[in-house]
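Right, one structure below, let's go through it.
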Amino acid sequence: MAASLTARAALLDMDGTLVDSTAVVEQLWWEWAQPHGLDRDTVLKTVHGRQGWQSMSILLPERDHAINLEENQEMLARESVETSGVVEIPGAAALLRALESLPHAIVTSADVALMTARMGAAQLPIPALAITAERVSRSKPDPEGFLLAATTLGVDAADCVVFEDSGAGIRAGLDAGMTVIGVGPHAPEFGPAHHVDDLSQIEIAPSADGFEVRIS
């Protein structure tokens, strides 16, 4: 359904929103999960949108946190080099170009190395402001990352529009008090204000006080 809204800043998730990394993410996590006898569907429902150590703590709640942190670093290192099949979500490059002169940021659960690798593989420019795993103490669904991005940009949370695909990310945006546009087939079940199949349905038009987001 066509709609439009006004905003002063755009905050964009990476995996599943700007880049399609689903195949490599799910393959690596399934390899990690098998020795623990975990259910595949449970694992794949848990890992999207969160930092790896947090997913591990949810899936293996009795395990020592130090082990999760160590294995998370190993997972990030593998993900940063295994980028085959990582591609742009349709419309991502055009959206980033449209936002180039406007306040915007990437807010991702990936670390800098992984973000750089995946955005590079998808041939997408990295926004000047990137809120990565190193810059927050709490992972999505906590709103810390989105709130930090808004504060850094000098924009009220209520004036930010979030582009997210995962349940954890959509919850983080909503809890930050921001308007959330869900991206992809699974986003509607998590209650975003608006939904698009991909970013080709988004058009940005500068306005007197910020910009207009047009959804087709």
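Could you compute the net charge surrounding R63? Neighbours are other residues with a C-beta less than 13 Å from the C-beta of R63; K and R count +1, D and E count -1.
-4
Mind ranking 60-71, 20-31, 88-99, 43-54 by how tightly packed they are, going by the mean number of other C-beta atoms within 10 angstrom, highest first? Before the final figure, lay out each step's value.
Working: 60-71: 11.9, 20-31: 17.2, 88-99: 19.0, 43-54: 21.0.
Ranked from most to least packed, the peptides come out as 43-54, 88-99, 20-31, 60-71.
Could you please report the charge total around W30, scoring K, R as +1 and D, E as -1 over all other residues with beta-carbon less than 12 angstrom from its beta-carbon?
Working: positive: R40; negative: E26, E31, D39, D41.
After counting each charged neighbour, the total is -3.
Regarding segment 1-92, what are the three Cα extents along the principal axes, ordered largest first, in Å?
46, 27, 23
Keeping the other protein chains in place, figure out the carbon and sulfur percent of the accessible area of segment 62-171, with a 1.4 Å probe. The partial results should precede the final answer.
Numbers: 2600 of 4900 Å².
Carbon with sulfur: 53 percent of the solvent-accessible area.
Given a 1.4 Å probe, how much area per residue of segment 11-113 is accessible, in Å²? Walk me through the intermediate numbers first.
Details: 4830 Å² over 103 residues.
Each residue of segment 11-113 exposes 47 Å² on average to a 1.4 Å probe.
Taking the Cα centre as origin and putting +1 on Lys and Arg beta-carbons and -1 on Asp and Glu beta-carbons, what dipole magnitude results for the chain, to the nearest 20 debye? Let's see the in-between values first.
Working: 13 positive and 31 negative charges, 56 e Å.
That gives the chain a dipole magnitude of about 260 debye.
So in segment 95-216, what percent of DSSP beta bridges are antiparallel if you round to the nearest 5?
Values: 6 of 15 bridges.
Percentage antiparallel, nearest 5: 40.
Which log10 I(q)/I(0) values does segment 71-185 give at q = 0.13, 0.17, 0.18 Å⁻¹ under the Debye formula, counting every alpha carbon as one identical point scatterer?
The computed values of log10 I(q)/I(0) come out as -0.50, -0.88, -1.00.
Taking the alpha-carbon centroid of each part, what is the distance from segment 38-60 to segment 132-194 in angstrom?
For segment 38-60 versus segment 132-194, the Cα centre distance is 19 Å.
Can you give the charge dipole size of segment 78-126 about its Cα centre, rounded to the nearest 20 debye, using +1 on the beta carbon of Lys and Arg and -1 on the beta carbon of Asp and Glu? Write down the numbers at each step before the final one.
Working: 3 positive and 5 negative charges, 12 e Å.
Using Cβ point charges on Lys, Arg, Asp and Glu, segment 78-126 gives about 60 debye.
Over all pairs of distinct alpha carbons, what does the Kirkwood formula give as the hydrodynamic radius of segment 79-122, in Å? Intermediate results must be reported in sequence, preceding the final value.
Working: mean 1/r = 0.0866 Å⁻¹.
For segment 79-122, the Kirkwood estimate is 11.5 Å.
Relative contact order (percent) for segment 70-216, with alpha-carbon contacts under 8 angstrom and 6 or more residues of separation? If you can, show how the numbers build up before the last one.
Working: 232 pairs, mean separation 28.5, N = 147.
For segment 70-216, the relative contact order is 19 percent.
Which value, in debye to the nearest 20, gives the size of the charge dipole of segment 90-207 about its Cα centre, when Lys and Arg are +1 and Asp and Glu are -1 at the Cβ? Provide the component values of the computation, followed by the final result.
Numbers: 6 positive and 14 negative charges, 47 e Å.
The calculation lands at about 220 debye.
Any chance you could tell me what percent of the C-alpha pair distances in the chain go past 32 Å? List each step's numbers first, then the result.
Details: 3123 of 23220 pairs.
More than 32 Å apart: 13 percent of the Cα pairs in the chain.
What is the diffusion coefficient of segment 122-206 in µm²/s, taking the Kirkwood radius over Cα pairs and the Stokes-Einstein relation at 25 °C with a viscosity of 0.890 mPa s? If you can, show how the numbers build up before the last one.
Values: Rh = 13.4 Å.
Estimated via Stokes-Einstein, D reaches 183 µm²/s.
The values are calculated or read from the model by the stated rules, or taken from the named source; none is laboratory data. Source: prediction; values computed, not measured. Neighbour counts are summed over all protein chains in view; Cβ atoms, including those assigned to glycine, are modelled from backbone coordinates with ideal geometry. Quick note on the areas: whole protein, heavy atoms, side chains included, nothing else; ligands and nucleic acids left out. Shrake-Rupley method; radii C 1.70, N 1.55, O 1.52, S 1.80 Å.
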